[in-house]
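Notes to accompany the following structure.
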Amino acid sequence: MYTLFDFVTQIKGIEYLIAVSAIGLYILFWEVLKPRPFKSMVDTAKGDIEQIGQRGGFAEVLRTAGHVAAAPFIGLAYVVSLPFVFVYAVGNVFLQAMAQAIGAGADLVARTLVLGAHAVARIVHVSPAFSWRPQEAYFLGRKRRQRTGKGPSGKERTDKESSDKGSTDKESTDSEPANKEGDTR
């Protein structure tokens, strides 16, 4: 024994041995004082053995003993896992707080951008709302008018007219809607 810890450990071990011995000796002494010593202990032991036989026999006793033997190891696993559970819990709380702060910051930025867009739209006199007109949507491309080979007056074109007007007719087709009754240019 070199340290206080070694001394206390040895003394505690001796104390436990003395305490268990004293309890055992007291039970023996108490039984000896009875008129029929150890009869109640024998009867109790017989009842226990009968109950063990009814409940599943020796296998059940071994199973229970296994549970009792496993209890310290289960407790040790619990104690070993506590720091990891603590780190997980603290990390979870920290990440939730960070996500909440980031969400609040993103909300503030989004509100600022929307209000800025509205202010710019008011200055420029333009509506910031998205507007879509179906008549301006050409999903499959613009429809082209069929060329009939007739001029603006409804007469057949000559080769000279069609070569002179070909480029302007194409431009008018792309930029101006067709007149059903004919162009009056």
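Please treat every number below as a calculation from the coordinates, not as lab data. Bear in mind the structure is a predicted one, so any value in this text is a computation, not a measurement. Note: ideal-geometry Cβ built from the backbone for every residue, glycine included; neighbour counts use all protein chains shown.
Things to note:
- Ranked list, fewest to most other Cβ atoms within 10 Å of each Cβ, for I14, I52: I14, I52
- The Rg/Rh ratio of the stretch 11-67, with Rg taken over Cα atoms and Rh as the Kirkwood radius over Cα pairs, comes to 1.15.
- Here the residues F73, F38, ranked from fewest to most Cβ neighbours within 10 Å of their Cβ, fall in the order F73, F38.
- Global geometry of the stretch 42-83, whether rounded, prolate or oblate, following the gyration tensor of its Cα atoms and the 1.5 cut on a/c: prolate
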